[in-house]
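The values are calculated or read from the model by the stated rules, or taken from the named source; none is laboratory data. What you see is a predicted model; the values in this text were computed from it and never measured. Heads up, the Cβs are rebuilt from the backbone with ideal geometry, glycines too, and the neighbour counts pull from every protein chain shown. We work out accessible area using only protein heavy atoms, side chains counted, and drop any ligands, DNA or RNA first. Shrake-Rupley method; radii C 1.70, N 1.55, O 1.52, S 1.80 Å.
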Amino acid sequence: MLLDGEAWRAKFRDFQSEAWRLETLPAYNVPHEAEGVRAFQAGDRIDPRTHSNDYTEDLKRVRREGKTKGRVHIVTRPLSEYLRYEFMYYRPHVWAGEDIRIMDVTDRANPLNGVQDFWMFDKTEVVLMHYEPDGTQISREVYEGDVSPYIEYQRIALAESVPFEEYVKGLDV
């Protein structure tokens with residue numbers, strides 16, 4: 001089953017304990033981010049101490065409700081321009097309550113090589129994220145099989161990654 005619109009938004013509103021994502025791409029071609037990416041490339045930066053938007057407010061709601069939201073992003077250096085842009089937002093997202101971790105596979109084998117992007121909700125439902133090679137999203141699909149491989153992917157990703165704040169110490173991001 002493909003997910004879009006209200007059915008997709010409901011996943012983030014209605015999960016009971018955890019929403020978790022694996023990100024594997026060096027760039028995502030997201031139309032509503034295009035202007036922000038261009039501004040970033042021109043030198044504009046947000047102030048992470050004061051940045052607030054619907055996403056950070058929702059993260060605070062999730063935390064108040066005793067739920068968790070997290071992700072692991074698999075990266076290689078040098079970081080793409082898009083990742084540098086995305087990292088600018090990760091800090092206020094972490095401060096608002098999201099558990100963001102980075103798995104850098106620059107100098108080692110990727111233990112999740114070939115695993116595609118996905119969201120997992122409450123360790124009971126997986127939504128596969130389908131992308132074109134340039135990072136343009138094609139679709140979101142509810143996975144109909146056994147979720148246990150995805151629970152294992154999450155375990156590996158968490159074990160093989162470091163917290164975002166630790167990863168960026170000393171990096172120019």
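Taken over region 7-60, the criterion of being among the basic types (Lys, Arg) and buried (at least 16 other Cβ atoms within 10 Å of the Cβ) is satisfied by 11, 21.
If you go through region 57-78 and pick out every residue that is within 22 Å of residue 102 (Cβ to Cβ) and of a type in the set (Gly, Ala, Ser), you end up with 1.
For residue 39, the conditions (1) assigned to a helix (DSSP H, G or I); (2) in contact (Cβ under 8 Å) with a residue 12 or more places away in the chain are fulfilled apart from (2).
What is the residue count in region 145-173 for residues that are farther than 22 Å from residue 106 by Cα and touching a residue at least 24 places away in the same chain (Cβ under 8 Å)? Of the residues in region 145-173, 3 are farther than 22 Å from residue 106 by Cα and touching a residue at least 24 places away in the same chain (Cβ under 8 Å).
Within region 83-109, the set of residues being of a type in the set (Phe, Trp, Tyr) and open to solvent by less than 30 Å² (accessible area, probe 1.4 Å) comprises 85, 87, 90. Remark: pairs (first residue in region 46-71, within 22 Å of residue 118 (Cα to Cα); second residue assigned to a helix (DSSP H, G or I); Cβ separation under 6 Å; 6+ apart in sequence or on different chains) = 56/92; 56/96; 59/96; 69/62.
Within region 64-82, is even one residue assigned to a loop (DSSP other than H, G, I, E, B), in contact with an Asp or Glu (Cβ under 8 Å, 6 or more places away or on another chain), open to solvent by 80 Å² or more (accessible area, probe 1.4 Å) and more than 25 Å from residue 19 (Cβ to Cβ)? Steps first, answer last, please.
Step one: of region 64-82, the residues assigned to a loop (DSSP other than H, G, I, E, B) are 65-67, 76-80.
Now restrict to residues that are in contact with an Asp or Glu (Cβ under 8 Å, 6 or more places away or on another chain): 67, 76-77.
From the residues that got through so far, the ones that are open to solvent by 80 Å² or more (accessible area, probe 1.4 Å) too are 77.
This time we only want the ones that are more than 25 Å from residue 19 (Cβ to Cβ), so: 77.
For region 64-82, residues assigned to a loop (DSSP other than H, G, I, E, B), in contact with an Asp or Glu (Cβ under 8 Å, 6 or more places away or on another chain), open to solvent by 80 Å² or more (accessible area, probe 1.4 Å) and more than 25 Å from residue 19 (Cβ to Cβ): present.
Inside region 111-124, residues that are surrounded by 14 or more Cβ atoms within 10 Å (Cβ to Cβ) and without any contact (Cβ under 8 Å) to a residue 60 or more places away in the chain make up a count of 1.
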